[in-house]
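Have a look at the structure below before the remarks.
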Amino acid sequence: MELEPAIERLPIDLLADIFAMITYFTDLAQASGVCKKWKEGVKMSIGRRKSLSFAGWKIDDDSTARLIRHEYNLRDLDISRSRWGCQITDHGLQEISLAKCIPNLKSISLWGMVEITDTGVVQLISRANSLQNLNIGGTYITDISVLAIANNCPNLKTIVLWCCRHVTESGLLILVSKCRKLESINVWAMRVPIDCFIGLVAISPSLQIKSRSVLDSMWA
């Protein structure tokens, strides 16, 4: 009589713990195709993750949103710019915003996602009320997104707005005024006058401002 392989005798909870150690989604996809039990174990492992990054991966709106919807304990989400030609759009952000984990997220990175606009960002941010760290640099957002962040993220501590050249001085002032826990703001390569930074520090004296203009003024 042929003995059942030892791994087949493992309970599904233990299988899920093992699969949670796998960091590459291609490997998880292959594992889920082995058998029904492994497929359930992979699905369970995804739901247990606290950190998830798609940076550098070939992704699209529907597959990304579908995967995130299985996440229940997620705290850190990185959907930064993926492979060339593979971008998340506003539709993807809107679908992702419906996931149950979004209100509990502490960190989100949307860095370099040039296909998104205020429409998708506002939809996502409006439900991310526990957010503490946000990287939205290299995008084409405007003050509309910044206002949504200011109104919905009272616990925000750090924000990266690198090269967000459509965000104005007014948007930054509102952000710092409403996000009273903000500790650091990256405004490198933005089109705002240095006087704006004086106004930001006047509102929040301990605020750390990361900007080329600030560095230049220190050496002047």
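A few remarks follow.
- A Förster distance of 35 Å, applied to the separation of the beta-carbon atoms of residue 18 and residue 155, puts the FRET efficiency at 0.55.
- Three-way shape label, the range 115-216, alpha-carbon gyration tensor, a/c 1.5: oblate
- Site-free segments of the chain were taken between chymotrypsin sites (Phe, Trp or Tyr not before Pro) in DSSP loops having at most 11 other Cβ atoms within 10 Å, sites themselves excluded; the longest one is 85-220.
- The range 98-152: Cα Rg divided by the 2.2 N^0.38 Å rule of thumb: 1.03
- Of all DSSP-defined beta bridges confined to the chain, some 0% are antiparallel rather than parallel.
- By the Kirkwood approach, averaging reciprocal distances over each pair of separate Cα atoms, the chain gets a hydrodynamic radius of 18.9 Å.
- A Förster radius of 22 Å combined with the Cβ-Cβ distance from residue 60 to residue 30 puts the calculated FRET efficiency at roughly 0.65.
- The range 36-133 shape via C-alpha gyration tensor axes, a/c threshold 1.5: oblate
- Extending 7 Å from Cα along the Cβ direction at residue 48 and again at residue 89 yields two label points whose distance is 3.7 nm.
None of the figures in this text is laboratory data; all of them are computed from the coordinates on show. Since this is a predicted model, take the numbers as computed values, not measurements. Don't worry about glycine lacking a Cβ; one is built from the backbone with ideal geometry, like all the others, and counts go over all protein chains shown.
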